[in-house]
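Input: a single structure, listed below in C-alpha cells.
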Amino acid sequence: MADFDGKVALVTGSGSGIGRSIAELFAEQGAKVVVSDVDDEGGEETVKRIKDAGGDAIYVQCDVSDPAAVEALVKKTTEQYGRLDAAVNNAGIGGDQMPPHDMTVENWQRVISINLSGPFYGIKYQVPAMLENDGGAIVNIASILGQVGFPGASAYVSAKHGLVGLTKNAALEYAAQGVRVNSVGPAFIRTPLISALEDDPDSYNMLVSLHPIGRLGEPREVAEMVVWLCSDKASFVTGAYYPVDGGYLAR
C-alpha cells in the first residue's frame, strides 16, 4: 500500500520544476493530486504526465497572490475529491536582482505578495479543510535564502525569511489540532531556469561552486523531502526547516 492511498494533495506552482516533481511523486505514492499554477500549459502538462503514469489529477489555475483565488482553489479541491490531506505552498518568483535602493516598490510588493502572502493565504484556507478530516500536513517551500542573505535579492530573502517564521508559528497554532506545518529550503536546483545558465559556463560553474557536494540539486531530491514530511513517517515533525542544499548552509 502506498503512503498516500486515499489521500489528496494540493501543490501550487506545479506546472514545472520542483512543483511538478512534488506533484508527480505524490501521485506515485497513491495520492489524488490537485495541480495548480498560473501557467495553464505547464499545469495541464503535469496533469497529463500524472495520468499517463496511471495517477489521478486535476489542474486548477491559481494566482496565489490573490486570496480569493486561493480560497477557490481549496474549495475546488474539496469539491472534486472530498478532502485535503497534504498541501505544498511552492509557487514563487525571484523578482528583479538589484540593491534595495534601486528596487521598485512594485517589484518588492510582487515578490512579497507571491512568496510570503501566498503561503499565508494557503494556510488560511488549507487548515480548515484539513480539520474536517482530523488534520493533515502543510509544507512551505522556502529556500536556503530563508536562512542567509544573497546580494541583489533583498525582496526574495525577506520573503523567504518571513516564510520560515510563518511556518514555525503556524506549527505552534495547529499542532494540537493535528495539522503539521514544516518548511523546506532548496539550494540551487536544476530547474529549466537554472539549466539555461549551462550556456554560460562561468555563471553556471559559480553556482555549482557554492555547493560543497559539487553539483546542483535535482527537483526529485527536493520532492522526496517534501513528500516525506507530508507522510505519516514524519508524524512527530512540525515547525521544522529542512535544507536540501548540498551543504550550502554548512559552509
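In table form, for the structure just shown:
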| quantity | calculated |
| --- | --- |
| Loop trypsin sites (Lys or Arg not before Pro), region 190-232, which have at most 13 other Cβ atoms in a 10 Å radius of their Cβ (DSSP) | Arg215 |
| Relative frequency of Cα-Cα separations exceeding 23 Å in region 1-89, percent | 11 percent |
| FRET efficiency, Leu172 to Asn205 (Cβ-Cβ, R0 41 Å, nearest 0.05) | 0.45 |
| Euclidean distance between Cα centres, region 1-58 to region 174-224, Å | 19 Å |
| Axial C-alpha extent at least 24 Å, average Kyte-Doolittle at least 0.0 - helices from the chain (DSSP) | 154-174 |
| Exceeding the 20 Å Cα-Cα cut-off - candidates Lys7/Lys233; Lys48/Lys160; Lys32/Lys75; Lys51/Lys124 | Lys48/Lys160; Lys51/Lys124 |
| Shape parameters for the chain, alpha-carbon atoms, Rg then Dmax in Å | 17.2, 55 |
| Helix-only [θ]222 nm of the chain, DSSP H runs n ≥ 4, -39500 (n - 2.57) each, per residue, nearest 500 | -13500 deg cm²/dmol |
| Per-residue ³J(HN,Hα) for region 133-143, Karplus 6.51 cos²θ - 1.76 cosθ + 1.60, θ = phi - 60°, Hz, x for Gly and Pro | 10, 6, x, x, 9, 10, 10, 9, 7, 8, 4 |
| Under 5 Å, built H, 5+ apart or other chain: amide partners of Asp56 | Val33 |
| Zone of Asp56's modelled label, taken as backbone nitrogen in region 93-135 under 20 Å from a point 7 Å along Cα→Cβ | 129-135 |
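Any read-out appearing in this document is the output of simple, stated calculations on the displayed coordinates, not a laboratory observation. All of these numbers come straight from a predicted model, not from anything done at the bench. With ideal geometry, Cβ positions are generated from the backbone for all residues, glycine too; neighbour counts draw on all protein chains shown.
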